[in-house]
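The values are calculated or read from the model by the stated rules, or taken from the named source; none is laboratory data. Everything numeric here is computed off the predicted structure, so don't read it as measured data. Counting neighbours? That spans all protein chains shown, and the Cβs are built from the backbone with ideal geometry, glycine included.
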Amino acid sequence: MSLIQPRTPAGTVELLPREQVIFQHMMDVIRRGYESFGFVPVETPVFEVKDVLLTKSGGETEKQVYFVQSTGALKQGRDPDLALRFDLTVPLARYVAQHERNLAFPFRRYQMQRVYRGERAQRGRSREFYQCDLDVIGKDKLDTAYDAEIPAIIVEIFTELGIKGFTIHFSNRKILLGLLSAWDMEDSEKQKLILREIDKLDKIGPAKVREALIALGLDAEKVDSLLALVALKGSKDDILAALNARDETHPIFLEGRNELTKMVASLRALGVDEARTCINLAIARGLDYYTGTVYETLIDDHHAFGSVCSGGRYENLAGYYTKSKLPGVGMSIGLTRLYEQLAAVDLLPPAPHKIHILITQMDASLAPDYLELAATLRKEGFSVENYLEQSKLDKQLKYADKKNIPLALLIGSRESEAGVVQVKDLVHHAQFEVERGDLVARLYELLKI
């Protein structure tokens, strides 16, 4: 029988244990950050009914969808009626519409699951990847005070992950939309096209954006005014002052400016480090459903990564599924992509010690004692692994080191008779003897737990 070559499908990520521990640690940090602001977990099925998932047929999204079909249906020639989710936003919209009567609003949820897209597999573009989404959904209305919580959560998470240089760029789409409306450019589809072009500034530069905006019907003078506005730099107070100095009276512009001002005040009230956020009026977000505040998070020394965490405010999450108006604000961390980007520039957090202690096998006759000690230590809150077969000590210690276990306990016949334990610190390359009665306290001290 010929062997099948073991391989993973293109566009998927499979990690070795130490790498997986780091990935899981990042996920745990994100989860703690979300929960610390009162968000609760939600999970939805990996696949959805096709007509529920594909609310806009024929678009780019449908070209990337994986359809699900049983072998029985395939043999019968039936079209698939299920499809793998391509993001977590559409499942959230369906979930809220379906369970609306049983949810407490504002509904704060987070969701950390895999999504699937039929992309051409390449660096930074996976077919299967984790997204970690956070949204707060209101019923009929949602105060803009919620908008400031999103950057506060991102700062808490990224700081705990040890990402030292990052900045959350934020703006409010109403400022640009109000300006366009004041110029009698009130066609909503044309406005969307203009904002999409502005969102390309970092990629194609102002000259090409200027050319595209003129082609969309804006005269050169207004295009230059618009580009000057989105190019504003300085502190948050500087940019707010510049916006206040403009002689604009359109209500949408004024609403956006007021919301941006409230956002800055709320960030300060939440104690968010000033250096971690900035107003960037060029942040428009290409997705059309954003209606107000928008965010993009950039790693300061690696802008080529693009946004590693983004989101914004939308006015009606579930319009395809319910007549209820469900406004919200949210953001998403593409965890798989973030992990790969940080790994590429050696910025991943260190691997945490998931197993605290390895109890080595020094004497087969003491095997029951080793098991009893492990049980005792687990009751004290330590994670403990027993090495259960006889082997050279050097091999056992190399095993511990490869599994990132920081401490090994060595007990031979002499230690057993004397009531002591040899503790080997594999991180600091030290070894010392501890009285059996003092072992738990000493382990707490060494592991800092």
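Taking the listed residues ARG114, ARG120, ARG108, ARG94, the one that is in a helix (DSSP H, G or I) and of a type outside the set (Gly, Ala, Ser) is ARG94, with no other qualifying.
For (1) surrounded by 14 or more Cβ atoms within 10 Å (Cβ to Cβ); (2) more than 17 Å from the chain's Cα centre (by Cα); (3) at pLDDT 90 or above, each residue gets a yes or a no:
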site	(1), (2), (3)
ARG32	no, no, yes
SER36	no, no, yes
VAL42	yes, no, yes
PHE47	yes, yes, yes
LEU54	yes, yes, no
LYS75	no, yes, no
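So which residues in the range 93-108 are charged (D, E, K, R) and either without any contact (Cβ under 8 Å) to a residue 12 or more places away in the chain or farther than 18 Å from ASP140 by Cβ (or both)?
Narrowing the range 93-108 to residues charged (D, E, K, R): 94, 100-101, 108.
Answer for the range 93-108, where residues must be charged (D, E, K, R) and either without any contact (Cβ under 8 Å) to a residue 12 or more places away in the chain or farther than 18 Å from ASP140 by Cβ (or both): ARG94, ARG101.
Every residue in the range 266-315 that is in contact with a strand residue (DSSP E or B) (Cβ under 6 Å, 6 or more places away or on another chain), β-branched (Val, Ile, Thr) and assigned to a loop (DSSP other than H, G, I, E, B), please. Selection gives ILE283, VAL308. The strands (runs of 3 or more DSSP E) found entirely in the range 378-446 that carry 2 or more residues being of a type in the set (Val, Ile, Thr) are 420-425. Look at the range 29-55: where a residue is in a helix (DSSP H, G or I) and a partner is surrounded by 12 or more Cβ atoms within 10 Å (Cβ to Cβ) and small (Gly, Ala, Ser), sitting 6+ places away or on another chain with Cβ atoms under 6 Å, you get LYS50/ALA83; LEU53/ALA83.
Of the candidates LEU347, LEU338, the single residue that is of a type outside the set (D, E, K, R), touching a residue at least 60 places away in the same chain (Cβ under 8 Å), over 21 Å from SER413 (Cβ atoms) and in a helix (DSSP H, G or I) is LEU338. Taken together, the criteria place LEU366 among residues that are in a helix (DSSP H, G or I) and more than 30 Å from HIS303 (Cα to Cα). Taking the conditions (1) more than 19 Å from TYR314 (Cα to Cα); (2) within 15 Å of the chain's Cα centre (by Cα) in turn, TYR116 satisfies each one other than (2). Check the range 208-221 and report whether any residue there is within 29 Å of ASP300 (Cβ to Cβ), surrounded by fewer than 16 Cβ atoms within 10 Å (Cβ to Cβ), within 33 Å of the chain's Cα centre (by Cα) and not hydrophobic (A, V, I, L, M, F, W, C). So far as the range 208-221 goes, yes, one or more of its residues are within 29 Å of ASP300 (Cβ to Cβ), surrounded by fewer than 16 Cβ atoms within 10 Å (Cβ to Cβ), within 33 Å of the chain's Cα centre (by Cα) and not hydrophobic (A, V, I, L, M, F, W, C).
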